[in-house]
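Computed from the coordinates by the stated procedures, all read-outs in this text should not be read as laboratory data. Here the structure is a predicted model, which is why all the values come from computation and not from measurement. Every residue, glycine as well, gets a Cβ built from its backbone with ideal geometry; the counts of neighbours run over all protein chains shown.
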Protein chains: 2
Amino acid sequence: MRPPLDLEHIVTRALALLDAYGLASLTMRSLADDLGIRPSALYWHVENKQTLLAAVADRIVSSASASAELGVGVGAAARAVRAALLAHRDGAEVVLSSAALGLGGLGVAERMRDALGGDGQELAAQVLAQFVLGHASLVQQRIQAATLGAYDADPDAVAHEFDEQFDAGIDALTRGLAITAR
Amino acid sequence: MRPPLDLEHIVTRALALLDAYGLASLTMRSLADDLGIRPSALYWHVENKQTLLAAVADRIVSSASASAELGVGVGAAARAVRAALLAHRDGAEVVLSSAALGLGGLGVAERMRDALGGDGQELAAQVLAQFVLGHASLVQQRIQAATLGAYDADPDAVAHEFDEQFDAGIDALTRGLAITAR
DNA sequence: ACCTGAACACCGTTCAAGT
DNA sequence: ACCTGAACACCGTTCAAGT
C-alpha cells in the first residue's frame, strides 16, 4: 500500500516530467501514470491542470530564492530568476502563462521588488519582470528550435549572445529606471 | 460552388476567430467549420497547426508596419508593435510562441532593427523585442484574469499603469543602450 | 487541384462507485 | 479520505477515396 499522495510530491513529479519531456508531453494522463494512479484521481488533489501548472511555476520561481537572498543587488536577483527559468525545460512558458493566477508569474515581479527595497519601486519591479520573462521565453524558444534541427549556428556562440543581451538589458533598465544600487 | 480557399483567406478567418473566441478555442476543427470545409481539408493548404499559427503571428506583427514607417523613432516603432499585439486577443502569446519558426516572433526584433538603422544595433534590437514581448504578454495575461472575474481594480487605472511601465521601460532601454535617437 | 469520409491515437474533466 | 471505472465531449493528424 503506497502512502497517499500529497500536492508537494505531485508538483515534484510534474516538474521532473517537464524537464524530461517538455510541456507538450506533460498531460494529466502521463502524470497520473508516473504517479501510479488513474488520471481521475488527480482531481482529488488539484482543481484542474491550470492550477497544477501554476503550482509548478511557483516552485520554479521559488527555486531562485536560495541564490538571491536579501541584500543582493537587483542585477543578481534578476540573474538568479533567469537561471531558475532556464534551468527547467519550458520553464519561462510555464511561469509566464501562469502569471494570471497570481502564482508563479507574479512571483517574478515580487522578487524584483524585494531586491529593490520595496518602497515606491513598484514600477521598476514590473518593468524588470517583463524584461526577464520576455528574454527567457525567447531564449527557450530558440533552444527548442535548435533542438528540432532547423537552426544554424554554434550553440555556445548563441548562448553567449543571449547572455550579453540579458546583461545589457538589465544594465540599461537599472540605470534608466534610476534604481539605487545597493 | 465556392471558389477554392487560399492561405490568405484562411489566415484572415483564423485571426477573426482568435479575436472572437481566444486562442484556446481556435482549433483546426472550429476553423474548418468557419470556412465551410472538413478539418482534413485544411491540411492541403497548411502543413500543421503550428505553421498556421506562425502565419497568423506574421500577420499580427505586419499590421504594425502601417503606423511604423521608415524614419520613425525607436519609441514609436515599439509602441506600434505593442499596439498591434494588444489589438488581437492572445496576440502576444501567439507571436511569442511562434518566434521559434522565424516567422512572427523574429519579426518583432526585425522591426526594431529597422527603426534603429540596422548597423551594429543587433543587440539593442533583440533586447527591445524581448521587453516588448514580455510586457505585452503580461498585459494580456492580466486582462484575461480580469475577464475571468478574479481581479480587483479599476480597469482604466490598470491600463494606465501598464502604459506607464511600457514607456518607462522603452525610455530606459533606448537611453541605456546608447541608441542614437532620430 | 481540392476536398470528403473515416479512422487513429490521443486530450481534460466529471461523477458514481468502491475501499 | 483517497482512489478506480467508465464515460463525455473533445483534440491534431493521416490517408484513401471521390470529383
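Numbers at a glance
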item	result
Estimated [θ] at 222 nm from DSSP helical runs (n ≥ 4, -39500 (n - 2.57)) normalised by residues in the protein assembly as shown, nearest 500	-21500 deg cm²/dmol
For residues of B:158-169, the mean tally of beta carbons on other chains within 10 Å	3
Label point 7 Å beyond Cα along the C-beta direction, distances from A:VAL72 to other copies (nm, shortest first)	3.9
Rotational relation B to A, axis-closest Cβ in chain B, residue and distance rounded to whole Å	B:GLY134, 1
Cα centroid separation, region B:120-182 to region A:1-51 (Å)	34
Chain B, dipole about Cα centre (Lys/Arg Cβ +1, Asp/Glu Cβ -1), debye to the nearest 20	480
Angle between chain A longest axis and helix A:105-116 axis [Cα atoms, degrees, rounded to 10]	40
For A:GLU164, label point 7 Å along C-beta direction: distances to other copies, nm	3.6
Sequence-distant residues sharing a close amide H with B:ARG89 (under 5 Å, placed H)	B:ASP19
Kirkwood Rh, angstrom, the protein assembly as shown [1 / mean 1/r, Cα pairs]	21.5
Calculated label separations, B:ILE37, copies of the chain, 7 Å along the beta-carbon direction, nm	4.4
Nearest 10 degrees, 0 to 90: helix B:7-21 Cα axis against chain B principal axis	80
Taking N as its residue count, the alpha carbon Rg of chain B over 2.2 N^0.38 Å	1.12
